Structures are given as C-alpha cells and as structure tokens.
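Notes follow once the structure below has been shown.
The values are calculated or read from the model by the stated rules, or taken from the named source; none is laboratory data. Since the structure is predicted, the reported quantities are computational estimates derived from the model, not experimental observations. Note that each Cβ is placed from the backbone with ideal geometry, even for glycine, and that neighbours are counted across all protein chains shown. For accessibility, only protein heavy atoms count, side chains too; no ligands or nucleic acids. Shrake-Rupley method; radii C 1.70, N 1.55, O 1.52, S 1.80 Å.
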Amino acid sequence: MVTKGWQSAGYVEGKEWEVKNRTKYVLARPVGNYNSDDPHCRIDFDRNGKLDWSTFHSNLDGYFGMREVVRTAITMAFS
C-alpha cells in the first residue's frame, strides 16, 4: 500500500515504487511500511523544471547503484 502523501509510480523490476513530488525535488522509493519520508532517493529539478539526474542521491540501503531503476520509476510517474 502506498504511503499517505505519496503516489504510486508503478512497478519496476517486480517492486512497486512510490514518489513524492515537491517544488524543488522529487523523492522515490519502493513501497514499504515507513513512518517518515526516509528512506528515499532524491532528484532535484533544474531551473527549467526538468529533473537533473546529476543531483541523484539515495539513503536507501542497496539502491545507490540502482540509478536506472529509480529513473524508470520516476519517469513512469511523470508520464
């Protein structure tokens, strides 16, 4: 079940992902039982409102090297 305040981004590699869209950045993570916005992956928006993938960072165990999985989840959420 998607966390309150987050929206489903669909399934990527068999896991459901959720995103939270903020004014200056977007958060993403696999759906789970969380009590806060942590853990997450974060990507900032540039001045033109486009995702700036060079700002990618993650505090999700095991997901730092999975930028493409996160990119797919976020891209699905914004399409």
Filter segment 3-16 down to the residues that are closer than 16 Å to F78 by Cβ and at pLDDT 90 or above, then identify the one that is least open to solvent (accessible area, probe 1.4 Å).
W6
Return yes when G10 is assigned to a loop (DSSP other than H, G, I, E, B) and touching an Asp or Glu at 6+ places or on another chain (Cβ under 9 Å) and no when it is not.
no
In segment 13-58, the residues that are in a loop (DSSP other than H, G, I, E, B) and among the polar types (S, T, N, Q)
T23, N33, N35, S36, N48
Residue check: is N35 open to solvent by 40 Å² or more (accessible area, probe 1.4 Å) and modelled with pLDDT under 85?
no
Which residues, taken from segment 38-48, are loosely packed, with under 15 Cβ neighbours inside 10 Å and either charged (D, E, K, R) or under 16 Å from R71 (Cα atoms) (or both)?
D38, D46, R47
